[in-house]
Structure formats: C-alpha cells, structure tokens
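What follows is a set of notes on a single structure, which appears directly below.
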Amino acid sequence: MRYRTARLMAVGGVALILEVTALDAFSWGGARPELMLLLACFAALFARDVRQGVLASWLLGLLKDAVSAGPPGWHALLFLGVGAFLVRVRQVAYREHVATQFVVGAFAAAATGLCTTVAVLITQGGIPVGICVGRWIASTLLTALAAPLLFGGMAETKFLTQR
Amino acid sequence: MPARRRRNVLPFVLAATAVVLMVGPQAIPRTVRTTLALVFVPLRSTAWGLCGLVQRAAPDASADVLEKERDYFRVQAQEMHVKLSEARARLDELSGLRGVLPDPRLRLLPAAVIVGADGSVWRRTIAVARGSAHGVQPGQLVLWERHVLGRVVETGPWSCRVQLLSDPAFKVGAVIVPRQHEGAERREVGVFEGASGQGGVLKWLSGDAAVEEGALVATTVDPERGIPAGLILGRVAGPSRHRGPYPRIEVQSIVNPRAVENVWILLGAQS
C-alpha cells in the first residue's frame, strides 16, 4: 500500500488530539501508547520512497512538538532518526506481519523513550529511578501492543490511499 | 543521479532544521506552538456539548435511584463541607495562611484549561486560554484555590503553557506545615521538585527534620520570584526512604490537574 503525505498528516492531527485527551485520561502509570510515533513508523515502513518516509516522519515529530514542553524540534529529530532507520531496513522485514509490527513499535518506543528520558534527566532534573524505568517499560509495551492494531487499521482505511 | 543525491541529502537537511529549531532563538517557535493550542478550544467545547447531550439523552428509568443517590451525596457533601471549614480554620491559625496575598500588586486572573496534558509522557504541562495580551508572563504561579498547580513557562498572545508542579523542571522553596502545633518549634525550608509522577519530592531538609505523614507542604516566600508564602503544594506521602544525610520526602499532590477546568493565574508575581 502507498499513502499520501498530506492525508497522513491529517490522521496525525487526529492522533495528536487523541493522545493528549482520551489516551492521557487512560494512561497507565503515566505511560500511554505513542500514537504519533507509531504513525511515523507506519510512514517509514509503507513509504513510496526514502524521501517520503523521512519527510512524513519528520513532519509528524514536528506536529508532536506543537503540544510538548520540550525544545521545538526534539520529537522531529527523534522521529526522523526512527523513520530513516526503518525506511532502510523495511526491505528485509515482512512489514505486514503482526510480529514485525509489534517489534517495530517496541523498538521505536524504547529508543525514543530512552533518548527523551536521558534528555529530560540532564536538562530538567531528577526523576526517581523507579518512575523512569517503570514508565519507560510501560510506554514501550503499550506502544508495541498498539502497533499491530494501528497498522492494521491504517492498512484497511481507504482515506490514506484514495486519489 | 541528482534525484538520488537529493534523496540522500534530505534527512540531513531535516535533521539540521530540527537542531536549529532546538538551539536557535526560542521566542518565535514557542509563541507559535503556544498559540496553536487554541485549536483545542472548539474541540473542548464540542466535547463538553456532546457530554451534555449524552447526559440529557440518558434513559430516566433510574431517575429515582439517582435522586436518592444525589440526596445522600448532598448530605455527605454538607458534612464534609463543615469538616473542611473547621480544618481550614485550624490550618489558617496554625500556619498563618490567612492573608496569603498581602501584596496589593498581586492579582488573580481566571483562565480556562484548553489542553490538559503534554505531548511527552515525561513532561507535565497544560495549556490555558490566557496569554501575554492579558498580562500573563513566564514565571507567574498558577493556582486552584490555595493550591499551587504550576508555573507559566511559555506565553502566546492569547494562550500560555503551564508547567505543573509534578513536572521535573518545577522547583520551589517549601516547608512542611506540622499537623500538631505543639512541638513545632522551628520550620525547616527545603526545595520541592517535581518528579514527573503524581507529585514531587521535598529535598535538602536536615536529617532531624520532623516529618509527619499527611502533613501539608506549603510554599515559602520568595520575593525575587514573587512567590508568596503559604500556598499549598501537596501532602507528605510517607517517610523518606533515601539513604543519606538529607531526607527526600515524597509529596503527593492534592489537586488532580486532569480534573481542573479553570485555574487562577497569579499576576504580578513577577515584579
């Protein structure tokens, strides 16, 4: 399947709203599924070419930066890194398989979560180790579990692909 | 060939742009994104409208049960209100909270919450619908009644971002208000820091500081940052489990920021 970048951004806007409203209300230990990150993974895995993959990932990160207190551009950089990696390894991964999607979600959430945790610890101050580790694991798990559901739903929707 | 080169260069261009955004002048991007939070205003009002419609459309078969429940809770609420009034009066006497805002320069500005969460799970911020056009400036405290909710960190013309007290970057001088007046001969000032959870940690008290579970933690006066004394930060959640000369006391926030719809911004805190 191939998607259109502008429509993916529209879906990203809805996902962002969901992330800071409904999903935050049902967060588990402060952790919640990273929908925007999963969309960036989707954008990289199912891109027409490298260019579209990295651009869509970067734009989704920038969208997430709009509702975050961190420095503007931080999520854009992280999502770009994840997207650039995935868009290159997608040739050797069976991206339609649920297990692949689970692993991709877990890898992306673990990598970005670790980077963000370290950055927050360095720039903002101390978070207790228990909270750090617990939330990192919970966020990774929730995002990994949500990945096959989101990818499956995205593959089924005609909105992204129709002309 | 040129297309291939362009494809290879693009990730680096995007990465460089992101880095410039991060390390470059922050005023414009921060103002833009704080203003973008206003997009949530119609969404929020639509959500509230839908909630109201659903409540009105609910079947009234259980109306009797609901009425009984309402009466019961009303009585409970009245009893709690009386107890709360007594507790407040006692607290005022003990901790001198009465006259918290003696400085006539300090004014309170009501504001509606428009985004109740941060995009990152590691940060704790909300966006409210008041900005620099209303006199809001970074550094001003945000309150809910006498409870500190956080501090303004970014302002747009009509909206601002508030760093909640559970955010790891939130720091303020604080004291433990003893529950038993007897024996409280001196108060030790510590530093309250957000812990990205449900509250924060009170640090830098001496090892022999009296710590009572459930005791209130309040702000100390900080004239430089315009913070008045006696605003409530939270409640002591338990004794320190930190090994070291200085205890680290866990402080639980009393107010749930997710449930708050309106806040007060303490204007004039920044002189």
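For region A:26-79, a residue qualifies if it is more than 7 Å from chain B (Cβ to nearest Cβ) and at positive phi, and exactly one does: A:GLY29. When we screen A:VAL92, A:VAL98, A:VAL82 for residues that are at pLDDT 90 or above and surrounded by fewer than 19 Cβ atoms within 10 Å (Cβ to Cβ), the only hit is A:VAL98.
If the condition is being open to solvent by less than 40 Å² (accessible area, probe 1.4 Å) and either of a type in the set (D, E, K, R) or within 14 Å of chain B (Cβ to nearest Cβ) (or both), then region A:135-160 contributes A:ARG135, A:ALA138, A:SER139, A:THR140, A:THR143, A:ALA146. For region B:128-153, a tally of residues being buried (at least 23 other Cβ atoms within 10 Å of the Cβ) and touching a Ser or Thr at 6+ places or on another chain (Cβ under 6 Å) returns 2. Against the test of being more than 19 Å from B:PRO223 (Cα to Cα), among the basic types (Lys, Arg), facing chain A (nearest Cβ under 7 Å) and in contact (Cβ under 8 Å) with a residue 40 or more places away in the chain, the options B:ARG130, B:ARG123 yield a single qualifying residue, B:ARG123. Pairs are defined by a Cβ separation below 8 Å, a sequence spacing of at least 6 or placement on different chains, a first member in region A:64-79 that is touching a residue at least 24 places away in the same chain (Cβ under 8 Å), and a second member that is aromatic (Phe, Trp, Tyr) and open to solvent by less than 10 Å² (accessible area, probe 1.4 Å); the pairs so defined are A:LYS64/A:PHE79.
Quick check on region A:84-92. Is at least one of its residues polar (S, T, N, Q), without any contact (Cβ under 8 Å) to a residue 40 or more places away in the chain and in contact with a Leu (Cβ under 8 Å, 6 or more places away or on another chain)? Spell out how you get there, then give the answer.
First, pick out the residues of region A:84-92 that are polar (S, T, N, Q): A:91.
Next, from what is left, pick out any that are without any contact (Cβ under 8 Å) to a residue 40 or more places away in the chain: A:91.
Remaining after also requiring in contact with a Leu (Cβ under 8 Å, 6 or more places away or on another chain): none.
No, every residue in region A:84-92 fails to be polar (S, T, N, Q), without any contact (Cβ under 8 Å) to a residue 40 or more places away in the chain and in contact with a Leu (Cβ under 8 Å, 6 or more places away or on another chain).
Would you say A:ALA108 is open to solvent by less than 30 Å² (accessible area, probe 1.4 Å), in contact with a helix residue (DSSP H, G or I) (Cβ under 8 Å, 6 or more places away or on another chain) and more than 26 Å from B:LEU10 (Cβ to Cβ)? Write out each step before concluding.
Working: open to solvent by less than 30 Å² (accessible area, probe 1.4 Å): yes; in contact with a helix residue (DSSP H, G or I) (Cβ under 8 Å, 6 or more places away or on another chain): yes; more than 26 Å from B:LEU10 (Cβ to Cβ): no.
In short, no.
Here are some conditions: (1) surrounded by fewer than 13 Cβ atoms within 10 Å (Cβ to Cβ); (2) among the hydrophobic types (A, V, I, L, M, F, W, C); (3) at pLDDT below 80. B:LEU43 meets all but one. Which one does it not meet? Among (1) surrounded by fewer than 13 Cβ atoms within 10 Å (Cβ to Cβ); (2) among the hydrophobic types (A, V, I, L, M, F, W, C); (3) at pLDDT below 80, the lone unmet condition for B:LEU43 is (1). Residues of region A:1-17 that are open to solvent by 60 Å² or more (accessible area, probe 1.4 Å) and charged (D, E, K, R): A:ARG2, A:ARG4.
Per the conditions (1) open to solvent by less than 10 Å² (accessible area, probe 1.4 Å); (2) within 8 Å of chain B (Cβ to nearest Cβ), the sole criterion not satisfied by A:VAL87 is (2). Of the residues A:VAL50, A:VAL20, which single one is open to solvent by 10 Å² or more (accessible area, probe 1.4 Å) and touching a residue at least 24 places away in the same chain (Cβ under 8 Å)? Every option except A:VAL50 fails the conditions.
Just to be sure before I move on: is A:LEU8 over 17 Å from A:PHE159 (Cβ atoms), assigned to a helix (DSSP H, G or I) and within 14 Å of the chain's Cα centre (by Cα) in the structure I sent?
Values: over 17 Å from A:PHE159 (Cβ atoms): no; assigned to a helix (DSSP H, G or I): yes; within 14 Å of the chain's Cα centre (by Cα): yes.
So A:LEU8 does not fit the description; no.
On the stretch given as region B:244-269, residues that are within 24 Å of B:GLU188 (Cβ to Cβ), of a type outside the set (S, T, N, Q) and modelled with pLDDT of 85 or more total 4.
The values are calculated or read from the model by the stated rules, or taken from the named source; none is laboratory data. Since the structure is predicted, the reported quantities are computational estimates derived from the model, not experimental observations. Don't worry about glycine lacking a Cβ; one is built from the backbone with ideal geometry, like all the others, and counts go over all protein chains shown. Accessible surface areas use protein heavy atoms only, side chains included; no ligands, DNA or RNA. Shrake-Rupley method; radii C 1.70, N 1.55, O 1.52, S 1.80 Å.
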